[in-house]
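J.: Below is a structure I'd like to ask you about.
No lab work stands behind these numbers, since they all come straight from the coordinates. Predicted, not measured: the structure shown is a model, and the values here were computed from it. Cβ coordinates were reconstructed from backbone atoms using ideal geometry, including for glycine residues, and neighbour counts include every protein chain displayed.
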Amino acid sequence: MPRDEATINAEMAKLQAKYHEESGTFTAAKAKSYGDGLKSLRAEISDLISEGAEPCPACKNKPHGMLKTPATDKAPAKYEVGCLNCPGGRRAQGWSRSEAVAAWNKLPKA
Ligand SMILES: [Zn+2]
């Protein structure tokens, strides 16, 4: 069973806090281990958000899922599913994960 967003986000926040705490005393190996840890948590959350999304029709890549947090807290965050591989950025948004995935799957294929 996949972990939920809150669990993954909490783990990411913990790792980032630790990173900042220790950033003055980094060895290259330690910096890499933090980088790898964050990368894998970001991939996990992307997989969760883009679950059910069809591959990009242009390049067949698996689309990336993310929660877009607006610059001001006046606007609510939106989910986005998009292709990071295609220039021009084919993407779709929704208020929920499933809305964003449905919008992505409904994009014109050409
Ligand atoms: Zn693509």
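J.: How many residues are surrounded by 15 or more Cβ atoms within 10 Å (Cβ to Cβ), closer than 16 Å to LYS106 by Cα and not charged (D, E, K, R) when one looks only at region 65-92?
T.: Total meeting the criteria: 6.
J.: Restricting to region 44-90, what's the tally of residues that are of a type in the set (S, T, N, Q), touching a residue at least 12 places away in the same chain (Cβ under 8 Å) and closer than 30 Å to HIS20 by Cα?
T.: Residues flagged as of a type in the set (S, T, N, Q), touching a residue at least 12 places away in the same chain (Cβ under 8 Å) and closer than 30 Å to HIS20 by Cα within region 44-90 amount to 2.
J.: Looking at region 30-43 only, could you name the residues that are farther than 18 Å from ALA6 by Cα and either more than 16 Å from the chain's Cα centre (by Cα) or in contact (Cβ under 8 Å) with a residue 12 or more places away in the chain (or both)?
T.: Listed by number, the residues that qualify are LYS30, ALA31, LYS32, SER33, TYR34.
J.: Condition check: more than 16 Å from the ligand (Cβ to nearest atom) and assigned to a helix (DSSP H, G or I). Does SER23 satisfy that?
T.: Values: more than 16 Å from the ligand (Cβ to nearest atom): yes; assigned to a helix (DSSP H, G or I): yes.
When the stated conditions are applied, SER23 passes them.
J.: Still on this structure, please answer the following. Sort out which residues of region 101-110 are surrounded by 13 or more Cβ atoms within 10 Å (Cβ to Cβ) and more than 12 Å from GLU54 (Cα to Cα), and write them in order of number.
T.: Of region 101-110, the ones surrounded by 13 or more Cβ atoms within 10 Å (Cβ to Cβ) are 101-105, 107.
Correct list: empty.
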